[in-house]
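Peer 1: Have a look at this one before I ask anything.
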Amino acid sequence: MRLLLLAPPGAGKGTQGVRMAERYGIAHLASGDMLREEVARGTRLGQEANAIMATGELVPDQLVIDMMLEKVLESERGWILDGFPRTLAQAEAAYAWGVRRGLTFNAVVSLRVPEEELLSRLLSRAHTEGRTDDDEATIRHRLEVFHKQTEPLEAYYDGRGVLVPVDAVGPVDEVTDRIVKALEAHLAASG
Ligand code: AP5
Ligand code: MG
């Protein structure tokens, strides 16, 4: 199974990604988590990404493409990608790469959450996780970056017939159930 979680900051990509990975026995590959690990380890990539991530801007496409596609190849049983692709350039690079290997997405789950709810979730998380990008101004900027650079991917994946929209407001377990139902209906319909 090859899935993508396409959603704005705070929509629950990490929360639901872990659950989907367990349910289907696939790898949860989160670009933001991987970049934060690189930062913590002080690698060259981490040093380059650190200041950019703190502003809420996106790290350059090629750095993320190289990092992610290497991990994808290691995960033979399939994967759920969280946070990548996030620009049209990344989506096109990932698609060209996947077509050559027969590894394109079975489904792209789009989590839908109103903006004010996203903001309040991330402001509460700021107290528990201490991410450098979870202050209000940076959260608002991450949301703008999402609208400008990532939201256009919804039309891109819809055009390829793989987009599965899911209402992601409500208790976490209920959202998981909605994702599973929508996903399985999509997979059954697309054979
Ligand atoms: P990334 O780490 O991907 O952050 P993000 O997209 O801003 O998303 P978050 O991780 O903040 O939210 P989430 O959707 O995972 O929600 P979560 O489950 O945590 O990216 C960070 C940065 O890295 C980027 O800004 C960029 O600089 C760089 N980067 C990453 N990928 C890149 C790429 N491809 N290209 C270029 N740069 C890249 O949930 C949020 C909170 O809500 C949690 O506290 C959770 O407990 C709570 N919650 C979850 N579900 C619910 C629910 N149903 N009800 C109530 N609360 C809930
Ligand atoms: Mg996350």
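We did not get these values from a lab; they are worked out from the coordinates using the rules stated. Quick caveat, the model's predicted, so the values are computed rather than measured. Because the Cβ atoms are built from the backbone with ideal geometry, glycine has one as well, and the counts that use them run over all protein chains shown.
Peer 1: List the relative contact order of the chain as a percent without decimals, with contacts defined as Cα pairs under 8 Å and 6+ residues apart. Working shown, then result.
Peer 2: Working: 258 pairs, mean separation 59.7, N = 191.
Computed value for the chain: 31 percent relative contact order.
Peer 1: What does the charge count near Leu88 come to, summing +1 for each Lys or Arg and -1 for each Asp or Glu among other residues with Cβ under 12 Å from its Cβ? Each step should come with its number before you reach the end.
Peer 2: Values: positive: Arg86, Lys148; negative: Asp61, Glu92, Glu151, Glu154.
Residues near Leu88 contribute -2 overall.
Peer 1: Placing +1 at every Lys and Arg Cβ and -1 at every Asp and Glu Cβ, with all other atoms neutral, what dipole size does the range 31-115 have around its Cα centre, in debye to the nearest 20? Could the numbers behind the result be given before it?
Peer 2: Values: 9 positive and 13 negative charges, 42 e Å.
That gives a dipole near 200 debye.
Peer 1: I want to make sure I understand the PRE zone here: with the label point 7 angstrom from the Cα of Leu103 toward its beta carbon, which residues in the range 28-57 have backbone N atoms less than 16 Å away?
Peer 2: Answer for the range 28-57: 28-31.
Peer 1: Right, next: Mind listing the phi-derived Karplus ³J(HN,Hα) values for the range 16-22, rounded to whole Hz, using 6.51, -1.76 and 1.60 with θ = phi - 60°, and x for any glycine or proline?
Peer 2: 7, x, 4, 5, 5, 4, 5
Peer 1: Set Lys and Arg Cβ to +1 and Asp and Glu Cβ to -1, take the dipole of the chain about its Cα centre, and tell me which of Gly98, Pro85, Leu4 lies farthest positive.
Peer 2: After comparing all options, I get Gly98.
Peer 1: Scan around Ser110 for amide H atoms under 5 Å from its own, H built in the peptide plane at 1.01 Å from N, and keep only partners 5 or more places away or cross-chain.
Peer 2: Correct list: Leu6, Val164, Val166.
Peer 1: Below 11 angstrom from the Cβ of Val113, what's the summed charge of the other residues (Lys, Arg +1; Asp, Glu -1)? Please report the intermediate quantities before stating the final value.
Peer 2: Values: positive: Lys13, Arg112, Arg121; negative: Glu115, Glu116, Glu117, Asp167.
Here the charged neighbours net out to -1.
Peer 1: Can you compute 3J(HN,Hα) from phi for each residue in the range 34-43, using the Karplus curve 6.51 cos²θ - 1.76 cosθ + 1.60 with θ = phi - 60°, rounded to whole Hz and x for Gly and Pro?
Peer 2: Calculated HN-Hα couplings, in order: 5, 5, 5, 5, 4, 4, 4, 7, x, 6 Hz.
Peer 1: Apply the Karplus curve 6.51 cos²θ - 1.76 cosθ + 1.60, θ = phi - 60°, to the phi angles in the range 124-131 and return the couplings in whole Hz, x for Gly and Pro.
Peer 2: 6, 5, 3, 6, 9, 9, x, 5
Peer 1: Kindly work out what percent of the DSSP beta bridges joining two residues of the chain are antiparallel, to the nearest 5. Let's see the in-between values first.
Peer 2: Details: 0 of 17 bridges.
That works out to approximately 0 percent antiparallel.
Peer 1: Continuing with the same structure: Quickly work out the Arg131-to-Val18 label distance, labels modelled 7 Å from Cα along the C-beta direction, and quote it in nm with one decimal.
Peer 2: Computed distance between label sites Val18 and Arg131 equals 1.3 nm.
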